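Chemist: Just passing along the structure, written as structure tokens.
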Amino acid sequence: MIRLPEAGGGTRDYTPRTEPQVPGGGGPLTSRTVFSAAHVVADPYADTTPDSPAAVDWDATLAFRRHLWSHGLGVAEAMDTAQRGMGLDWTGAAELIRRSAAEAKAVGGRIACGVGTDQLAGPEPLTGPAGLAAVRKAYEEQLALVEETGSQAVLMASRALAAAASGPEDYLELYGHLLRQASEPVVLHWLGPMFDPALDGYWGSADLDTATETFLEVIAAHPDKVDGIKVSLLDARREVELRRRLPEGVRCYTGDDFHYPELIAGDEHGFSHALLGIFDPLAPLAAEAVRTLDTGDTDGFRAILDPTVALSRHLFQAPTRFYKTGVVLLAWLAGHQDHFTMVGGLQSARSLPHLATAYELADGLGLFPDPALAEARMRSLLAVRGGL
């Protein structure tokens, strides 16, 4: 029995499970392409301040990526889950990309890496033609590095572009240039403002219907350079409508951490592949579910994955951008790292009751390979942060 804090005050008793339910690794997934956006492991002994560059434990970070590859998932590297723009700057992201790409080659793992403009992070946003030129140069630098490593590029939404663009035409021109320049097909990433408020009005309009038309216009002009789109708007209806309008051969990678089972399962008109932050903690169950789907058993797929949605919705509750804290908590409880310290001190971004519920939901799913270890670590966190 463990005593867990309640959100409204007080505590409740919870009896942890004693046996894990986590499946082992397996072969490649065949019916869907599935990426997990992976978190970074901080170096807890680094003497850092809030203004210091990120201190990363490279051994533990790469070990976690090997864990994801062992289950047959691809790794989406240096994405939002890796704290891009929330503790990890471009210098740190570039090193992460280099190291993870080399590791992917060594083990035969699939990898795609985020291309952004975070070199331009500063107190004042760049605007006008000079701002657009700076955004273009920053994107080009990152695209060149990702392609040099042999990784697939994911063109991430840019805070700097959102600030500099005056309308849809600026997005059409800049993305068109980048797609013509790319040597291999890329994934276009549309991250909604619920994940990053600075991206409100992306594609030149705060109206999502208008923004969607610009997004589709970019793709239609360069279908041979777009492997797929990654949509993170937490709107299943909109994603289904969007994927039905994609040119032949362009995939939809769901980034919807609220509705992923139904979107991946699909309907008579098609389905979504996946590039999801929630598949960081869910990797074993996600892989087992997709392998079940590979056999044509959609009901079995849903039976495995549907029960995980409550945990995902909890981790991604508003403010959604702080979901990384719960992801790293679960990695620590599962034994994938030795501490609950995050780049930029983000381990403090969620309340103790929130973390306690995350533990309870994950334990109920059987996610922890060693439930006793998870319980002991949760007890230590409760003692230090809550006196329980």
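Chemist: When the residues of the range 223-248 are narrowed to those that are part of a strand (DSSP E or B) and not aliphatic (A, V, I, L, M), which ends up surrounded by the most Cβ atoms within 10 Å (Cβ to Cβ)?
Modeler: Ranking the qualifying residues of the range 223-248, first place goes to LYS230.
Chemist: Out of the residues in the range 191-222 that are on the phi > 0 side of the Ramachandran plot and of a type outside the set (A, V, I, L, M, F, W, C), which is surrounded by the most Cβ atoms within 10 Å (Cβ to Cβ)?
Modeler: Result: GLY204.
Chemist: Only one of LEU234, LEU188 is on the phi > 0 side of the Ramachandran plot and aliphatic (A, V, I, L, M). Can you tell me which?
Modeler: Going through LEU234, LEU188 in turn, the sole match is LEU234.
Chemist: Same structure again: Answer yes or no: is there a residue in the range 28-43 that is more than 30 Å from PRO261 (Cβ to Cβ) and assigned to a helix (DSSP H, G or I).
Modeler: Within the range 28-43, none of the residues are more than 30 Å from PRO261 (Cβ to Cβ) and assigned to a helix (DSSP H, G or I).
Listed here are the residues, each with its yes/no results for (1) of a type in the set (Ser, Thr, Tyr); (2) surrounded by fewer than 24 Cβ atoms within 10 Å (Cβ to Cβ); (3) not in a helix (DSSP H, G or I).
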position	(1), (2), (3)
ILE264	no, no, no
ALA287	no, no, no
VAL290	no, no, no
ALA310	no, yes, no
ARG313	no, yes, no
ALA318	no, yes, yes
ARG321	no, yes, no
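Chemist: Working only within the range 6-34, note down all residues that are open to solvent by less than 60 Å² (accessible area, probe 1.4 Å), hydrophobic (A, V, I, L, M, F, W, C) and either within 19 Å of THR308 (Cα to Cα) or more than 22 Å from the chain's Cα centre (by Cα) (or both).
Modeler: VAL22, VAL34, listed by residue number.
Chemist: Shifting gears a bit: Could you tell me whether the range 55-66 includes any residue that is outside any strand (DSSP E or B), among the hydroxyl-bearing types (Ser, Thr, Tyr), buried (at least 21 other Cβ atoms within 10 Å of the Cβ) and in contact (Cβ under 8 Å) with a residue 60 or more places away in the chain?
Modeler: no
Chemist: Within the range 145-166, can one find any residue that is open to solvent by 20 Å² or more (accessible area, probe 1.4 Å), modelled with pLDDT under 95 and charged (D, E, K, R)?
Modeler: Yes; the residues of the range 145-166 include at least one that is open to solvent by 20 Å² or more (accessible area, probe 1.4 Å), modelled with pLDDT under 95 and charged (D, E, K, R).
Chemist: State all residues of the range 323-347 that are modelled with pLDDT of 95 or more and surrounded by fewer than 15 Cβ atoms within 10 Å (Cβ to Cβ); if no residue qualifies, say none.
Modeler: GLY335, ASP338
The values are calculated or read from the model by the stated rules, or taken from the named source; none is laboratory data. Computed from a predicted structure; not experimentally measured. Cβ sites come from the backbone with ideal geometry, for glycine too, and all protein chains shown count toward neighbours. Just so you know, the surface numbers come from the protein's heavy atoms only, side chains and all, with ligands and any DNA or RNA stripped out. Shrake-Rupley method; radii C 1.70, N 1.55, O 1.52, S 1.80 Å.
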